Amino acid sequence: MVLDVRGLTMDFGGLRAVDHVDLQINDGEIVALIGPNGAGKTTFFNCVTGMYTPTAGSVTIQKPGTDPRTITNMRPHLITAQGLARTFQNIRLFPEMTVLENVMIGRDCRLRAGILGAIFRDKRTRAEEEQVVLDAYRALEIVGIGKWANETAKNLPYGAQRKLEIARALATEPFLVLLDEPAAGMNPQETRDLVGLIRRLRSEHNLSIFLIEHDMSLVMTLSERIYVMDYGKLIAVGNPAEVRKNPAVIKAYLGEDVSA
């Protein structure tokens, strides 16, 4: 099990956005979290990744071959260093930097050179800097946008910007990647390419994938298990066929998309 969330709760004043949610992801799984707008999905992601400090509950991760580690209340950059990376619903790139530079920033959590190394630029520091560039290029090639490495990020097509966020996440060397609405704003061809990419990340790069997504066709095609939230509560969990037929899910979210 790479992610084990128990009783996660998040209150904002008198509003309970996430209400005692339990969720588990196994090694190599592709798991989706769905629900109507305002259900608490992104808040849940933010609690897991350290953007918010949950009111209650625990978050434990376990890189395959290592012991479990509780990351509840850990700061986001430290969680990333543990091997959990994420993308955001709203694209968060450095628009004036190149595509390659955006990915190189993702390598920061893996760098060993300290302040003295940066000042004196010894042999080890220079070698590490060269490796950062190579690793960033590799991440771009994995997601299929290596040809734009030297392009300014803001000039990329929208779908490529989405892939750039994924490349930056890959640069952190994760074992679990959280994707917050990765297909948002994509056209049908871009969405199909994204499905293929996510499958390759799992099969060729040994990653577990946890995604929030509103595109029900993508969710039902890609996910092995689906968790469903409504008003901050978990109302269903199962494989796509089970979720599609669940009356509570149909009532809360899938009524108009049940045939997707």
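The values are calculated or read from the model by the stated rules, or taken from the named source; none is laboratory data. Since this is a predicted model, take the numbers as computed values, not measurements. Using ideal geometry, Cβ is built from the backbone for each residue, glycine included, and neighbour counts are taken over all protein chains shown.
Residues in the range 153-167 that are surrounded by fewer than 16 Cβ atoms within 10 Å (Cβ to Cβ) and either among the hydrophobic types (A, V, I, L, M, F, W, C) or farther than 22 Å from E213 by Cα (or both): 2 in all.
Listed here are the residues, each with its yes/no results for (1) of a type outside the set (V, I, T); (2) more than 15 Å from the chain's Cα centre (by Cα); (3) modelled with pLDDT under 95.
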| site | (1), (2), (3) |
| --- | --- |
| V2 | no, no, no |
| G7 | yes, yes, no |
| M10 | yes, yes, no |
| G14 | yes, yes, yes |
| D19 | yes, yes, no |
| I30 | no, no, no |
| L33 | yes, no, no |
| T43 | no, no, no |
| P54 | yes, yes, no |
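Looking at this structure, is R107 at pLDDT below 90 and either in the same structural domain as N26 (by TED's automatic domain parsing) or assigned to a loop (DSSP other than H, G, I, E, B) (or both)? It is false that R107 is at pLDDT below 90 and either in the same structural domain as N26 (by TED's automatic domain parsing) or assigned to a loop (DSSP other than H, G, I, E, B) (or both). With respect to the conditions (1) out of contact with any strand residue (DSSP E or B) (no Cβ under 8 Å at 6 or more places or on another chain); (2) at pLDDT below 95, E96 lacks only one, and its number is (1). Would you point out which residue out of L211, L207, L178 is at pLDDT 95 or above and more than 27 Å from P36 (Cβ to Cβ)? Checking each option against the conditions leaves just L207.
Screening the range 168-182 for residues that are farther than 17 Å from N206 by Cβ and not basic (K, R) and picking the one that is surrounded by the fewest Cβ atoms within 10 Å (Cβ to Cβ) gives E181. Residues of the range 32-62 that are surrounded by fewer than 20 Cβ atoms within 10 Å (Cβ to Cβ) and of a type outside the set (S, T, N, Q): P36, G38, M51, Y52, A56, G57. Set side by side, the residues A139, A167 differ, and just one is in a helix (DSSP H, G or I), in contact (Cβ under 8 Å) with a residue 60 or more places away in the chain and among the aliphatic types (A, V, I, L, M), which is A167.
Here is a yes/no grid of residues against (1) touching a residue at least 60 places away in the same chain (Cβ under 8 Å); (2) within 18 Å of the chain's Cα centre (by Cα):
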{"position": "T191", "(1), (2)": "no, yes"}
{"position": "R200", "(1), (2)": "no, yes"}
{"position": "S223", "(1), (2)": "yes, yes"}
{"position": "V228", "(1), (2)": "yes, yes"}
{"position": "G238", "(1), (2)": "no, no"}
{"position": "I250", "(1), (2)": "no, no"}
